[in-house]
1. Among Lys100/Lys227; Lys116/Lys256; Lys256/Lys344; Lys100/Lys199; Lys100/Lys207; Lys116/Lys227, which pairs are too far apart, with a Cα-Cα distance over 32 Å?
2. Quick check: the distance between the Cα centres of the range 283-344 and the range 82-147, to the nearest angstrom?
3. Across all directions of projection, what mean area in square nanometres is found for the Cα convex hull of the chain?
4. Heavy-atom accessible area of Asp130 with all protein chains present, probe 1.4 Å, nearest 10 Å²?
5. Run the dipole for the range 250-355 about the Cα centre, Lys and Arg Cβ at +1, Asp and Glu Cβ at -1, nothing else charged, and hand back the magnitude in debye, nearest 20.
6. Using only the Cα atoms of the range 198-329, each taken as one equal point scatterer with no solvent, compute I(q) by the Debye sum, divide by I(0), and report log10 of the ratio at q = 0.14, 0.20, 0.21 Å⁻¹.
7. Ranked by accessible surface with a 1.4 Å probe, highest first, in what order do Ile39, Ile230 come?
8. Determine the dipole magnitude for the chain: charges of +1 sit on the beta-carbon of Lys and Arg, -1 on that of Asp and Glu, nothing else is charged, the reference point is the Cα centre, and the result goes in debye to the nearest 20.
Amino acid sequence: MPSMRDDLALFGGYHSPQVDVEVRLNTNESPLPPSPELISELQAAMGQLALNRYPDRTATRLRASLANLHQVDPEEIYIANGSNEVISTILLAYGGPGRKAMTFEPTYAMYAQVAKVTSTELVEMERDSDFGLEMGQVLKAYSRSRPDVIFFCSPNNPTGLDEDPEIISALAENPNPLIIIDEAYGQFASFSAVDLAAKYPNVVVSKTFSKVWSLAGLRLGYLIGPKEIIANLWATCLPYHIDSIKQAAGVLALSKLDAMQNTLDLILIGRQQIESGFDALEVTYWKSSSNFILFRAPKGKGDELWQALVDRSVLVRNCSGWPRLTDCLRVTVGTREENDRFLKALSQALAELRS
Ligand SMILES: *Cc1c(COP(=O)(O)O)cnc(C)c1O
């Protein structure tokens, strides 16, 4: 057998277990499919594509549409196959052997995963017990380790909490580190770091079509940031990595802002519905700025509660075995009916566990 790189050999990779259930609230996707108009327009657009030819390498039209959405220059946009690939390209270009990336834990596991694969040393700073960050502590941790790349996630997955823009700005005053703010759930948040990316030469913001745009299956994400950094990412990625169909689909999706806005409204109402349900059931949870909510099972019962929900055909993310998240589960906001099913299953499961 060929042997894998020693530093990866015992490494299982990233997993999000799927179970066959009726109500799937475990991966933070949109509960709604893309609109029928988008699908039929995409079908028509596909008829016009010259698929025998390589795609437009830098996705000119899609970049222009994204630039227009965010009121930035097209040269300030890098595009990839999902924001996970954006993260990967960033660490290929700015991480690697001899370099360090910093994360604030708990946070999105992909940063650590990509650091590992790119041989970037990972420096994990702990959040406080409420999952917040304190300015003095962050600056101290930065001075101690001098990372080359710093990952913020706002709102943070899996806690659902916004990052503090003042902490990001304070770090950005140091010219050396590249600071990424992952805004996969940015539409739900109370602030966006896109303005910071315009102000600082070392701040970039990643976004995705996988959540409120209802297009997780499309694999499309992008980064907004200073031209020089963006040019370096285009130079680092593989040629023709954004296929023609995806480029066309992205442009069409962006022409349907209303559909996205409607999904957003539905999810915000659903989030309120679930948080009210938690209040009624006296469940501990973290008030979310996102489309998912982190909550805590009775002490020592995280796995049992997760299983009891699965037994009722409701799947949420089991974080209870993750470091710092003992007994925590994470539920994605679904449709009204799915949220009802979840709350009913939760109520029954808790009654069972508490008795
Ligand atoms: C879901 C999610 C993403 C999205 O990744 P894609 O590759 O764009 O699907 C990125 N960051 C965070 C924090 C997420 O939770």
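The values are calculated or read from the model by the stated rules, or taken from the named source; none is laboratory data. What you see is a predicted model; the values in this text were computed from it and never measured. Ideal geometry is used to build each Cβ from the backbone, glycine not excepted, and the neighbour counts take in all protein chains shown. The accessibility values were calculated without ligands, DNA or RNA, using every heavy atom of the protein model including side chains. Shrake-Rupley method; radii C 1.70, N 1.55, O 1.52, S 1.80 Å.
1. Over 32 Å Cα-Cα: Lys116/Lys256; Lys256/Lys344.
2. 26 Å
3. Answer in nm², one decimal: 19.5.
4. 110 Å²
5. 240 debye
6. Summing over Cα pairs of the range 198-329 leads to -0.90, -1.15, -1.20.
7. Ile39, Ile230
8. Computed about the Cα centre, the dipole is about 540 debye.
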